[in-house]
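Colleague: This is the structure, below, for whatever I ask next.
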Amino acid sequence: MYSIVERRMIVPNMHEFIVRAPVVAESVKPGNFIMLRPDPTGERIPLSVADWDREAGTVTSIFMQVGGTTAKLARLKPGDTIPTYVGPLGKETVIDKFGTVLCVGGCYGIGSIYPIARALKEAGNRVVVLLEARSSFLLYWEDKLARVANDLFVITRDGTKGRKGHIDKIPELMGAAGIVPDRVIVNGCTFQMMRVSEVTKPLGWKTIVNMNPIMIDGTGMCGVCRLSVGGKTKFACVDGPDFDGHEIDWAEFLARRKGYSPEEVDPLRHSSCRSRF
Amino acid sequence: MAEEKPEKKKLDLQRRPMPKQNHWERVKNFDEVALGYPVAAAVEEASRCIKCKKPLCNQGCPVGIDIPGFIKCIVEGDFGSGIRKIKKTNALPAICGRVCPQEEQCEKTCILGNKQAPVAIGRLERFLADWEAAEGKIEVPDMAPKTGKKVAVIGAGPAGITVANDLIILGHEVTIFEALHECGGVLIYGIPEFRLPKAIVNREVNYVRSLGVKIYTDFVVGKTRTVNRLLEEFDAVFVGSGAGLPWFMEIPGENLNGVYSANEYLTRVNLMKGFRFPEYDTPVKRPSRVAVVGGGNVAMDSARTAVRLGADEVHLVYRRSKAELPARVEEVENAEEEGVIFDLLNLPVRLIGDENGWIKEIECLRMELGAPDESGRRKPVPIQGSNYRVSFDAIVMAIGNGPNPLIQMTTPGLDINKKGGLATDPATGRTSRPNIWAGGDIVRGAATVISAMGDGRIAAASIHRYLMNREGEAPVT
């Protein structure tokens with residue numbers, strides 16, 4: 001059993017989730033994910049890691065409440081336990097001295113881009129962080145990211161903070177600041193990672209995306225997380241989750257991502273009569 | 001005085017049938033199909049044994065069970081001694097009695113088989129194991145004094161459990177690291193409830209735990225900690241991480257929604273209990289027309305699972321003919337009884353989806369049998385221009401698994417064999433590194449439960465000799 005150190009909603013629907021798991025904390029690296037099960041009848045889902053404390057033996061993730069499993073997680077309190085928390089899984093994000101790296105975060109990815117930005121900074125890169133949200137009240141961890149970023153930009157859909165608009169404003173925004181990144185790393189929802197890959201492709205900016213497909217075991221055994229990269233089938237859990245965004249078959253990925261959409265919310269409907277939501 | 005001639009017993013050629021759930025009932029549930037021999041049938045079946053002077057049956061057993069010995073005990077009604085004889089060399093009798101391919105092993109070499117039906121050795125093994133469990137007093141074997149040596153076992157599947165069982169009895173401290181949240185490996189995630197109830201797997205895992213084996217679940221060796229890191233704490237490591245890498249056919253359309261690896265399909269149902277959705281959260285689709293591609297036991301398990309999930313039509317698409325099906329005859333018969341339609345001599349060449357990325361149709365080529373290939377089976381040859389399309393809502397790819405690559409990727413110095421698994425010395429199970437052994441599907445690719453257990457037995461003996469600094473000695477038999 002793994003005990004919950006902290007679970008709190010930091011912005012609407014988005015939760016910071018700290019679990020005591022010393023063996024995971026011991027070897028976790030930026031870009032890894034963990035698999036968990038919220039209770040004995042629950043589903044196994046992957047969560048990207050957003051931070052850790054090796055000494056305290058804790059690992060932090062940010063999750064958005066969308067379906068049945070994340071709804072169960074959102075009810076957990078400090079001191080509660082969950083039966084499964086395993087990792088770190090997946091290959092870590094490649095950290096090297098690239099020069100200027102643009103780290104793009106959105107949704108839960110604002111959390112998981114943080115350790116990546118931090119490691120890139122430690123490796124001697126100029127780290128440019130760009131956060132995207134629908135509105136300013138959905139932004140979080142700006143202070144943490146500001147501490148590891150040389151430059152921090154914000155785009156909001158409604159213009160309540162930073163640049164108004166969509167994520168595809170990246171080239172303009174970087175152009176105005178005179179920044180030409182040597183590498184772009186995106187952590188966020190599928191649509192955001194796809195859009196960034198689309199706008200950086202014509203510019204020739206190498207773009208790494210941290211993919212988030214459906215998974216069951218997370219160790220290469222079931223193949224549900226497969227995607228096409230450069231015309232070849234890859235398993236996100238063991239070959240990724242980082243891939244070159246310009247090589248991914250995004251239409252296929254989006255379709256596979258929706259493969260169980262009805263069932264993801266179905267448990268919500270079934271358990272609502274127990275009035276625990 | 002002339003010696004009295006023993007009365008010659010007439011050969012009993014009739015094998016006692018295995019009581020089974022009726023097929024019209026069992027297709028609606030996930031309960032075990034084969035119900036097990038009642039006492040009378042077990043004694044009668046055991047009495048068919050002709051007590052050969054030089055029995056061959058035990059030579060057919062990969063773990064060398066004293067088969068004539070335990071059969072004799074059943075005839076005499078001494079079931080307690082019978083199960084003790086089995087457990088000397090087999091820690092998992094209730095499992096082996098159910099899923100071993102006995103017709104290829106012990107029962108194949110049974111002399112009675114030359115006349116007609118061999119003694120139902122597997123069913124008798126199961127009988128004793130179930131009898132012991134029902135009696136409720138599981139005996140613990142004699143344990144050797146503690147040696148102070150520590151062994152790490154990676155994977156709580158059949159190979160790992162066997163190694164753990166053997167080494168703990170020999171006095172070593174054994175710790176198993178299991179990646180999933182439950183122990184059993186393929187016995188838990190792969191083989192369905194209706195063929196091997198999970199309560200039985202848990203029972204046998206708990207038995208090994210009761211001997212003092214420590215088990216850590218949710219621990220992915222190679223990721224959580226590397227093998228090298230484990231070797232800082234342990235004197236030897238056994239790798240039994242299994243064939244957890246599903247193969248696909250590499251034909252167009254395999255990444256459409258509704259196309260599953262058998263591993264995904266079966267894991268959703270078995271490990272995650274998707275058949276009890278929404279009581280359990282993990283969903284599994286319940287399509288009405290399912291095609292399972294493949295002809296092995298995993299294909300049969302997938303097809304029979306689809307039947308139980310309420311499919312109207314389940315087809316098994318296999319490129320060779322019925323004679324070449326690698327699945328056990330018993331499983332093929334069960335699948336046929338349950339209404340699975342066998343589309344033999346058919347090769348899928350393309351999967352076609354709808355506008356939303358869901359599977360709609362499968363395109364196949366018809367095949368005919370040509371000359372025998374390297375496996376000795378007649379090679380299927382496509383009939384040119386015989387392409388046709390059929391509509392399906394789901395395709396399950398059950399064409400095999402390769403060894404899981406996580407250990408190889410993260411452990412330097414391990415030689416790889418032709419199948420992509422760990423290369424080992426077959427006589428000892430030792431890898432190219434002196435303190436690492438391996439066995440089961442991580443070495444063989446997808447094989448059988450009992451061959452994994454046989455590997456585990458061999459490796460355990462070698463690890464024991466190594467730990468006791470007696471590696472040069474001949475194996476203890």
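Colleague: Looking only at the stretch A:121-134, decide whether some residue is modelled with pLDDT of 95 or more, more than 14 Å from chain B (Cβ to nearest Cβ) and part of a helix (DSSP H, G or I).
Modeller: The answer is yes; a qualifying residue exists.
Colleague: Among the residues of the stretch A:104-120, write down those that are in a loop (DSSP other than H, G, I, E, B) and not hydroxyl-bearing (Ser, Thr, Tyr).
Modeller: A:CYS107 - this is the single residue of the stretch A:104-120 that is in a loop (DSSP other than H, G, I, E, B) and not hydroxyl-bearing (Ser, Thr, Tyr).
Colleague: Among the numbered criteria (1) of a type outside the set (Gly, Ala, Ser); (2) more than 9 Å from every other protein chain (Cβ to nearest Cβ); (3) farther than 23 Å from B:GLY402 by Cβ; (4) touching a strand residue (DSSP E or B) at 6+ places or on another chain (Cβ under 8 Å), which single criterion is violated by B:LEU211?
Modeller: Answer for B:LEU211: the failing condition is (4).
Colleague: Restricting to the stretch A:163-197, name every residue that is in contact with a helix residue (DSSP H, G or I) (Cβ under 8 Å, 6 or more places away or on another chain) and of a type outside the set (A, V, I, L, M, F, W, C).
Modeller: A:ARG163, A:HIS166, A:ASP168, A:PRO171, A:PRO181, A:ASN187, A:GLY188, A:THR190, A:GLN192, A:ARG195, A:SER197
Colleague: For residues in the stretch B:331-358 being touching a Pro at 6+ places or on another chain (Cβ under 9 Å) and in contact (Cβ under 8 Å) with a residue 60 or more places away in the chain, which is farthest from B:ALA299 (Cα to Cα)?
Modeller: Across the stretch B:331-358, the extreme among qualifying residues is B:ILE352.
Colleague: Within the group B:ALA335, B:ALA306, which residue is touching a Lys or Arg at 6+ places or on another chain (Cβ under 6 Å), crowded, with 23+ Cβ neighbours inside 10 Å and not assigned by TED's automatic domain parsing to the domain that holds B:GLU103?
Modeller: Result of the check over B:ALA335, B:ALA306: B:ALA335.
Colleague: Give B:TYR216, B:TYR280, B:TYR265, B:TYR260 a once-over and let me know the one that is among the hydroxyl-bearing types (Ser, Thr, Tyr), touching a residue at least 40 places away in the same chain (Cβ under 8 Å) and within 8 Å of chain A (Cβ to nearest Cβ).
Modeller: B:TYR260
Colleague: Moving on. Tell me the helices (runs of 4 or more DSSP H) entirely within the stretch B:167-276 that contain at least 2 residues that are within 21 Å of the chain's Cα centre (by Cα).
Modeller: Filter on the stretch B:167-276 gives B:186-189, B:198-210, B:262-269.
Colleague: Counting only residues that are touching a Pro at 6+ places or on another chain (Cβ under 7 Å) and in a strand (DSSP E or B), which one in the stretch A:72-103 is surrounded by the fewest Cβ atoms within 10 Å (Cβ to Cβ)? First the steps, then the outcome.
Modeller: Initial filter on the stretch A:72-103 (touching a Pro at 6+ places or on another chain (Cβ under 7 Å)): A:72-73, A:82-83, A:90, A:92-93, A:95, A:100-102.
Narrowing the set further to residues that are in a strand (DSSP E or B) leaves A:82, A:100-102.
Values: A:ILE82: 21, A:THR100: 18, A:VAL101: 26, A:LEU102: 27.
By that ranking, first place goes to A:THR100.
Colleague: Just one of (1) modelled with pLDDT under 95; (2) within 12 Å of chain B (Cβ to nearest Cβ); (3) within 19 Å of the chain's Cα centre (by Cα) trips up A:LEU268, so point out which.
Modeller: Result: A:LEU268 fails condition (3) only.
Colleague: In the stretch A:165-178, what residues are over 23 Å from the mean Cα position of the chain (by Cα) and either surrounded by 13 or more Cβ atoms within 10 Å (Cβ to Cβ) or not hydrophobic (A, V, I, L, M, F, W, C) (or both)?
Modeller: A:GLU172, A:GLY175, A:GLY178
Colleague: B:THR162 - would you say it is surrounded by fewer than 24 Cβ atoms within 10 Å (Cβ to Cβ) and among the hydroxyl-bearing types (Ser, Thr, Tyr)?
Modeller: no
Colleague: Tell me whether the stretch A:52-71 contains one or more residues that are assigned to a loop (DSSP other than H, G, I, E, B), without any contact (Cβ under 8 Å) to a residue 60 or more places away in the chain, small (Gly, Ala, Ser) and in the same structural domain as A:ASN13 (by TED's automatic domain parsing).
Modeller: Within the stretch A:52-71 (the criterion being assigned to a loop (DSSP other than H, G, I, E, B), without any contact (Cβ under 8 Å) to a residue 60 or more places away in the chain, small (Gly, Ala, Ser) and in the same structural domain as A:ASN13 (by TED's automatic domain parsing)), the answer is yes, since at least one residue qualifies.
Colleague: Given the residues A:PRO181, A:PRO241, A:PRO213, which is the only one that is surrounded by 19 or more Cβ atoms within 10 Å (Cβ to Cβ) and either β-branched (Val, Ile, Thr) or without any contact (Cβ under 8 Å) to a residue 60 or more places away in the chain (or both)?
Modeller: On inspection, the qualifying residue turns out to be A:PRO213.
Colleague: Looking at (1) within 14 Å of another protein chain (Cβ to nearest Cβ); (2) out of contact with any Phe, Trp or Tyr (no Cβ under 8 Å at 6 or more places or on another chain), find the lone condition where A:CYS225 falls short.
Modeller: (2)
Colleague: Taking the condition over 21 Å from B:ASN404 (Cα atoms), modelled with pLDDT of 95 or more and among the charged types (D, E, K, R), does B:ARG289 pass?
Modeller: yes
Colleague: Working carefully through the options A:GLU132, A:GLU122, A:GLU142, find the one that is more than 24 Å from A:ILE34 (Cβ to Cβ) and surrounded by fewer than 18 Cβ atoms within 10 Å (Cβ to Cβ).
Modeller: A:GLU142
Colleague: State which residue is modelled with the lowest pLDDT when the search covers only the stretch B:405-425 and only residues that are more than 23 Å from the chain's Cα centre (by Cα) and of a type in the set (Ser, Thr, Tyr).
Modeller: Per the stated criteria, the residue is B:THR410.
The values are calculated or read from the model by the stated rules, or taken from the named source; none is laboratory data. The shown structure was predicted, so the numbers you read here are calculated from the model rather than taken from an experiment. Every residue, glycine among them, receives a Cβ derived from its backbone with ideal geometry; neighbour counts consider all protein chains shown.
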